[in-house]
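Pasting in a structure now, in structure tokens, and then I'll have a few things to ask.
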Ligand code: IPD
Ligand code: CA
Ligand code: CA
């Protein structure tokens, strides 16, 4: 079975569903103080899980997450950017990774409203709608446009989050907070962003995106500049060229 084709088909199917419901009144619930889940998150996960089940590989999805399966498994964020979706801000994506030994070997992120399908396979490069991706060549923070996100737990340690944001705002050309970590990483992979940092993400937020960045020639570490895997709670991704300039800032704000 072609697992890449299967993951792409599942992401596209979830995207169709998300487009279909985008203008309709939908049910929105609170999972935490500011953490939302919509009926479309749940429907998307059910659809993706159903399609991926053809592979007979277990699935760990955000909304039904229990324990991590052993061995090879699919790691799924059915709709990254739920707050955006609930507010009709057209910036969200299903994100699907195939994990082996806690690392992504295949990743698909679908920018639904722009119909942009990003994918990567370990050792085979990263692509956007079939075109090979390369990270940007910006080599200095002052010329860089960065992305970040604010965690749902921001109430617990706002100073660390705001501190990093402030430092990068002063040093970089610009900072964006669009609200979907999987897309932030896809955008680093395709060179639209030069770097990205965020604390307290979950494995399904970053698994597919980090493979995109690495396969497009970028670098992914934690805030200390050390090897990252999606089970850590601080991530720094960049085109590689500005990484060393970013680490001294992120290392001050490890959550
Ligand atoms: C969230 C988005 C957001 C990030 C949050 C994530 P969700 O995922 O990726 O950009 O800042 O920390 O939890 O809840 O929309 O799937
Ligand atoms: Ca997410
Ligand atoms: Ca989600």
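Can you say whether residue 217 is part of a loop (DSSP other than H, G, I, E, B) and without any contact (Cβ under 8 Å) to a residue 40 or more places away in the chain, as far as the supplied structure shows?
No: the conditions fail for residue 217.
Let me ask you something else. Looking for something part of a helix (DSSP H, G or I), farther than 27 Å from residue 130 by Cα, within 13 Å of ligand 3 (Cβ to nearest atom) and over 19 Å from the mean Cα position of the chain (by Cα) - is there at least one such residue anywhere in region 11-32?
For region 11-32, residues part of a helix (DSSP H, G or I), farther than 27 Å from residue 130 by Cα, within 13 Å of ligand 3 (Cβ to nearest atom) and over 19 Å from the mean Cα position of the chain (by Cα): absent.
For region 152-172, give me the residue count where each residue is surrounded by 15 or more Cβ atoms within 10 Å (Cβ to Cβ) and under 17 Å from residue 140 (Cα atoms).
Total meeting the criteria: 4.
Same structure, new question: Can you tell me which residue among 211, 185 is out of contact with any helix residue (DSSP H, G or I) (no Cβ under 8 Å at 6 or more places or on another chain), crowded, with 24+ Cβ neighbours inside 10 Å and closer than 26 Å to residue 62 by Cα?
211
Please enumerate the residues belonging to region 58-80 that are more than 16 Å from residue 9 (Cα to Cα) and more than 12 Å from ligand 1 (Cβ to nearest atom).
At the first step, the residues of region 58-80 found to be more than 16 Å from residue 9 (Cα to Cα) are 58, 60-73, 80.
Within region 58-80, 58, 60, 64, 66, 67, 68, 69, 70, 71, 72, 73 meet the criteria.
Out of region 191-208, which residues are surrounded by fewer than 23 Cβ atoms within 10 Å (Cβ to Cβ) and out of contact with any helix residue (DSSP H, G or I) (no Cβ under 7 Å at 6 or more places or on another chain)?
191, 192, 202, 203 - these are the residues of region 191-208 that are surrounded by fewer than 23 Cβ atoms within 10 Å (Cβ to Cβ) and out of contact with any helix residue (DSSP H, G or I) (no Cβ under 7 Å at 6 or more places or on another chain).
Here is a list: 255, 199. Which entry is touching a strand residue (DSSP E or B) at 6+ places or on another chain (Cβ under 6 Å), within 14 Å of ligand 1 (Cβ to nearest atom), within 29 Å of residue 61 (Cα to Cα) and touching a residue at least 60 places away in the same chain (Cβ under 8 Å)?
One residue alone meets the criteria, 255.
Within region 151-207, count every residue that is within 16 Å of ligand 2 (Cβ to nearest atom), assigned to a helix (DSSP H, G or I) and closer than 13 Å to residue 255 by Cβ.
The total comes to 3.
Do you know which residues across region 158-183 are touching a strand residue (DSSP E or B) at 6+ places or on another chain (Cβ under 7 Å) and within 14 Å of ligand 3 (Cβ to nearest atom)?
180, 181, 182, 183
If you don't mind, there's one more thing I want to ask. Could you please give the count of residues in region 126-144 that are outside any loop (DSSP other than H, G, I, E, B) and closer than 24 Å to residue 207 by Cβ?
Selection size over region 126-144: 5.
Residue under question is residue 175, and the condition is that it be without any contact (Cβ under 8 Å) to a residue 40 or more places away in the chain and surrounded by fewer than 16 Cβ atoms within 10 Å (Cβ to Cβ); does it hold?
No; evaluated as a whole, the condition is false for this residue.
Look through 71, 81 and report the one residue that is crowded, with 17+ Cβ neighbours inside 10 Å and at positive phi.
81
Bear in mind these aren't lab numbers, they're just calculated from the coordinates by the rules spelled out. Just so it is clear, the model here is predicted, and its values are computed rather than measured. So basically every Cβ, Gly included, is an ideal-geometry build from the backbone, and we count neighbours across all protein chains shown.
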